[in-house]
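In what follows, a structure is listed as structure tokens, so that the remarks can point back to it.
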Number of protein chains: 2
Amino acid sequence: MRKEEEFNDWYNNIVEEAGLVDKRYPVKGMNVWLPYGWKAMRLIDALIRREMERTEHDEVCFPLLIPKTEFDKEAEHIAGFGAEVYWVTHAGNNELDVPLLLRPTSETAMYPMFSLWVRSHTDLPLKTFQLVNTFRYETKQTKAFIRMREIHFFEAHTCHVDFEDAERQIAEDLEIMKHFAKDLCIPYLLTKRPDWDKFAGAYYTVGLDTIMPTGRTLQLGSIHQYKTNFAVPYNITYENEGGEQVHAHQTTYGMSERLLGTVVGIHGDEKGIIFPPSIAPIQAVIVPILSKGNQEHVMEEARKLEEELKAEGIRVHLDDRDFRPGYKYNDWELRGVPLRLEIGMRDIEGGHVMAACRVQGKKILVKREGAGEQIKLIFQEQQEILWQKARSILEESIRTIEDYNQYEEGTIAKAGWCGEEECGHTIEDFTGAAILGTPVPEEETPEGTRCCVCGAHAPSWIYIAKTH
Amino acid sequence: MRKEEEFNDWYNNIVEEAGLVDKRYPVKGMNVWLPYGWKAMRLIDALIRREMERTEHDEVCFPLLIPKTEFDKEAEHIAGFGAEVYWVTHAGNNELDVPLLLRPTSETAMYPMFSLWVRSHTDLPLKTFQLVNTFRYETKQTKAFIRMREIHFFEAHTCHVDFEDAERQIAEDLEIMKHFAKDLCIPYLLTKRPDWDKFAGAYYTVGLDTIMPTGRTLQLGSIHQYKTNFAVPYNITYENEGGEQVHAHQTTYGMSERLLGTVVGIHGDEKGIIFPPSIAPIQAVIVPILSKGNQEHVMEEARKLEEELKAEGIRVHLDDRDFRPGYKYNDWELRGVPLRLEIGMRDIEGGHVMAACRVQGKKILVKREGAGEQIKLIFQEQQEILWQKARSILEESIRTIEDYNQYEEGTIAKAGWCGEEECGHTIEDFTGAAILGTPVPEEETPEGTRCCVCGAHAPSWIYIAKTH
């Protein structure tokens, strides 16, 4: 599935076939979340919330609409988003005095309020986040979860006393990502984006990229150090311990529904989706194997198993539809359910259930007694397998090259870089790939490392890849 | 607090003082949800989701933006909402070919898709819901949670084989409301709205109204029987068992963040908010009583108690701020925490904690051992007290009158009605109150009941009240 076109067809097809979204909504780039897909997204959100709670971020919810006057305050930000925003110009029969835009991201909605909230050093750090939809008028071809015009979005925004404390926040964000990505079994590469590709208004941007089966990288999210770049125009100041008014330092951390697209794209196979149990809307599906004369007894046992597993906190579903087992197997494999539990007379008599493991691709007998505990162990194993597999793919796709001519499509090249923007552009122009950035944490180059373009001394590495 | 102005001042003040919302966002009618308020709203949402899951509604999420072309399909609906919608006319630097509107409610977003989803009688009933924000360009004065331009909204949309099945859905909705309102301790009156006040496009509308301390009623939500009023223009048809294509019947059920406003308004007192434990963001706050020499020991015991209660599923918070206990008491009373647990040396030595009950207005000693269980019993008692108190207020505000001249402000009048629209308008014009509607379930009038306007035979009752 590494060939790009093949993957795209597979992906575009599977997101609908598996019932994640319906793409027939009559506005381009805006899909309908179907129950199964929305459940998966909400489970991802729940993992984010767990991490936010652990790190004492408060959940807020800001209005969608931002007055043009506030948006205009930060010049670089506008330049970055101006061409992508949706404008509300009328309400009812009136033309609005001040046009309102749909948030493409919430800096310009939040920071006028932060300016009111942050007064004293005792108000800091201020750590907030929200899970909302954002809007960007994408001109590129849209793709479910990956490139949408309405985007389900996570954004954390923080204020700090100084640059160092903001840096500590970024370190915390990286740790959050570590936990979180492990749960989704999604490996990623951390890079500091080159200056010409950082977020509009950021002092620096850390990109979180993974590799898709196309061999192209996909940005999963990003973390921004703003320094005082927004605090100055939005007047976010506090009284420090010495009694002076000084500007707060700020960071943000953003991710989106792309996380779900990545899970679909990275773990899936020719049979369909493979959900890690952590976010599988249905973790285990029970398929009763009925033959003449035993229907009721088997159904009763199946229901008992369902109740038992539910009570153990497993997201279980009993498929009692009037279809043949084979049809059901294909259906649930397509939809990526990690575990299928088959229960028939033989199983009941033998005191076991047959467990077909979607990830491992094998069937094992699970003892009926204490089935819940054994199933949880299988889930753990599945998490580990998916994680290791995805990690090897990412690791193996990284190739160190000495000259930018050696860049190969489908790989992530690691090369020496002198740090000159011009050499960066040469690489991008020549290869058609992008410079993801320099490694985070910083990684010293060995003595004698040369820039892959000009051959000058290369104090740092860069990663080069074709991106989605 | 029944005097209107006094209540309004109290309410407008408390929603900010208690940290539910910040009203200083620079767009009229759009507030910022602060962490405490958003948590309460999310707990209300969780209760809704529980009821939706129990009744097998599937959660979906539709796009915010609706093309004008879809919106225009249902003429009555437009007439009802036309003056209230926000229009997106531009995106980036382009004027859109088809203007998009921000959903004021989602009929016109969902039904074009329902038309694709509903094919056969086996697809029915289709039961979906979503929790999203909606937008209405209110011209009346806005008020936190009660009348906003961006509204946190619950909407269930269903399709059925026929009118009777849609009626069964409405019966289920009423049962859902019964559970749900009991949890919030919010009593309500059920009425079938008069024809001139039903929802745009509905065959009939059932209003769910409660009474606020102003003596005015507030609509909490509504349930609509659409018959085939939307199915016809949106072409929602299915093949029935006889092989014919027939139109589906539809219902909706909507509620909003008003639920939170009602909880604040109805249960609160001069000290502040009183949250029912069911949706209290913090159910119990622990205030350690420190005196010289015992600080560490008391804090340690307080932390132990916190851990223990947390493990029992209680939303508990340890207030370890460096303030005097009295300040903390006022603060948490203002914020409506149902239970304050004071723990000092005397309590530790006596093997108890002092529980100050916000609802009951009393203090009781709770044994330290098994504190969690006892606290849960206190919560149950609180739920019951709040429910009974609010219910009596609603019941006592209903007065049966014989002539519309007898209508008294601050009450809900129950009167005979001949059924003529003209008499209805006379009542409304003369009293300045609104006709809420006729009782649901229908209630026969005793022999000899006369219309409160024209004196003709009154086959039904109506409720009359001033509304928010």
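The values are calculated or read from the model by the stated rules, or taken from the named source; none is laboratory data. Note that the structure is a prediction, hence the values are computed from the model and not measured. Neighbour counts are summed over all protein chains in view; Cβ atoms, including those assigned to glycine, are modelled from backbone coordinates with ideal geometry. Ligands, DNA and RNA are excluded from the accessible area calculation, which covers all protein heavy atoms including side chains. Shrake-Rupley method; radii C 1.70, N 1.55, O 1.52, S 1.80 Å.
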I want to verify the translational diffusion coefficient of chain A in µm²/s; compute it with Stokes-Einstein, Rh as the Kirkwood radius over Cα pairs, at 25 °C and 0.890 mPa s.
100
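Report for the stretch B:282-381 the percent antiparallel among DSSP-assigned beta bridges with both residues inside it, nearest 5.
Numbers: 10 of 18 bridges.
If we restrict to bridges inside the stretch B:282-381, about 55 percent are antiparallel.
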Of the options B:C423, B:M110, B:V285, report the single residue whose Cα projects farthest towards the positive end of the charge dipole of the protein assembly as shown (beta-carbon charges: Lys, Arg +1; Asp, Glu -1).
B:V285
Per-copy distances of the A:S291 label point, shortest first, in nm (7 angstrom along Cα→Cβ)
7.9
What's the average, rounded to a whole number, of partner chain beta-carbon atoms within 10 Å of each residue's beta-carbon in B:52-63?
4
Averaged over peptide B:198-210, how many Cβ atoms belonging to another chain are found within 10 Å of each residue's Cβ?
0
How shielded is B:30-43 by partner chains, expressed as the average number of their Cβ atoms within 10 Å of its Cβ atoms?
4
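If you roll a 1.4 angstrom probe over the protein chains with everything in place, what fraction of the accessible area of the protein assembly as shown belongs to carbon and sulfur, to the nearest %?
On the way: 17960 of 38860 Å².
Carbon and sulfur: 46 percent of the exposed surface of the protein assembly as shown.
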Relative contact order of the stretch B:397-465, defined on C-alpha pairs under 8 angstrom at six or more residues apart (%):
42
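Counting Lys and Arg as +1 and Asp and Glu as -1, each charge on the Cβ, what is the dipole of the stretch A:4-267 about the Cα centre in debye, to the nearest 20?
On the way: 27 positive and 40 negative charges, 148 e Å.
Dipole magnitude for the stretch A:4-267 comes out near 700 debye.
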Alpha carbons only, please: Rg and Dmax for the protein assembly as shown, in angstrom.
30.1, 106
Residue-averaged 222 nm ellipticity for chain B, from DSSP H runs of 4+ at -39500 (n - 2.57), nearest 500
-11000 deg cm²/dmol
Using each residue's phi in the stretch A:139-154, evaluate 6.51 cos²θ - 1.76 cosθ + 1.60 at θ = phi - 60° and report the 3J(HN,Hα) Karplus result to the nearest Hz, with x for Gly and Pro.
9, 6, 4, 7, 8, 3, 6, 8, 9, 10, 8, 10, 10, 6, 9, 10
How big is the A/B interface in buried accessible area, both sides summed, 1.4 Å probe, to the nearest 100 Å²?
4200
Taking the dipole of chain B about the Cα centre (Lys, Arg +1; Asp, Glu -1; charges at Cβ), the one of B:I186, B:T55, B:F163 that reaches farthest to the positive side is B:I186
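Given an 8 Å cut-off on Cα distances and at least 6 residues of separation, report the relative contact order of chain A as a percent.
Details: 921 pairs, mean separation 64.3, N = 468.
After rounding, I find 14 percent.
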Quick check: net charge around B:V118, other residues with Cβ under 14 Å of its Cβ, Lys/Arg +1 and Asp/Glu -1?
-3
Quick check on my link table: of B:K178/B:K198; B:K271/B:K466; A:K39/A:K143; B:K271/B:K362; A:K39/A:K376; A:K304/A:K328, which ones sit more than 25 Å apart, alpha carbon to alpha carbon?
B:K271/B:K466
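In debye, nearest 20, what is the charge dipole magnitude of the stretch B:372-468 about its Cα centre with +1 on Lys and Arg Cβ and -1 on Asp and Glu Cβ, if you could check?
Details: 7 positive and 18 negative charges, 73 e Å.
Taking the Cα centre of the stretch B:372-468 as origin, the dipole is about 340 debye.
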Any residue on another chain or 5+ positions along whose placed amide H is under 5 Å from the amide H of B:T467 is listed here as B:T217, B:A434
Between B:A456 and residues 5 or more places away or on another chain, which pairs have amide H atoms under 5 Å apart, with H built 1.01 Å from N, and which residues are they?
B:C451
For the protein assembly as shown: accessible area per residue (Å², 1.4 Å)
42
dims of the stretch A:165-223, Cα set, principal axes, largest to smallest, nearest Å -> 34, 26, 13
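Grab the alpha carbons of the stretch B:306-369, take their convex hull, and tell me the volume per residue in Å³. List each step's numbers first, then the result.
Values: hull volume 6.4 nm³, N = 64.
With only Cα atoms used, the stretch B:306-369 gives 100 Å³ per residue.
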Would you work out which of A:Y226, B:W196, B:I273 lies farthest towards the positive end of the dipole of the protein assembly as shown? Charges go on Cβ: Lys and Arg +1, Asp and Glu -1.
B:I273
Nm distances between copies for B:D195, ranked from closest, using label points 7 Å along Cα→Cβ:
7.4
Teacher prompt: B:G410 distances to equivalent labels in other copies, 7 Å Cα→Cβ, nm
8.2
Chain B: angle of helix B:35-54 to the longest principal axis, Cα-based, in degrees nearest 10
60
In order through the stretch B:293-302: 3J(HN,Hα) via Karplus (6.51 cos²θ - 1.76 cosθ + 1.60), integer Hz, x for Gly, Pro:
x, 10, 3, 5, 5, 5, 4, 5, 5, 5
Relative contact order of the stretch A:4-267: what whole-number percent is it, with Cα pairs under 8 angstrom and at least 6 residues apart?
20
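Once you list every other residue whose beta carbon is under 15 Å from the beta carbon of B:E308, what net charge do they have if Lys and Arg are +1 and Asp and Glu are -1?
On the way: positive: B:R303, B:K304, B:K310, B:R315, B:K367, B:R368, B:K376; negative: B:E300, B:E301, B:E306, B:E307, B:E312, B:D347, B:E369, B:E373.
Local charge sum for B:E308: -1.
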Return the long-range amide H neighbours of B:L101 (sequence gap of 5 or more, or a different chain), with a cut-off of under 5 Å between placed amide H atoms.
B:I66, B:K68, B:V88
Dipole in debye (nearest 20) - chain A, about Cα centre, beta carbon charges: Lys, Arg +1; Asp, Glu -1:
1720
Ranked highest first by average number of other Cβ atoms within 10 Å, how do A:195-205, B:246-256, B:342-352 line up?
B:246-256, A:195-205, B:342-352
Under Karplus coefficients 6.51, -1.76 and 1.60, residue-wise ³J(HN,Hα) of the stretch A:355-367 in Hz, glycine/proline x
10, 9, 8, 4, 6, 6, x, 9, 10, 9, 7, 10, 4
Sort out for me the Cα centre separation of the stretch A:346-394 from the stretch B:58-81, rounded to whole Å.
45
Among A:428-441, B:291-304, the order from most to least packed when residues are scored by Cβ within 10 Å on average:
A:428-441, B:291-304
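Rounded to a whole number of µm²/s, how large is the Stokes-Einstein D of the stretch A:397-465 at 10 °C and 1.306 mPa s, given Rh as the Kirkwood radius over C-alpha pairs? Before the final figure, lay out each step's value.
Working: Rh = 11.5 Å.
Reported coefficient: 137 µm²/s.
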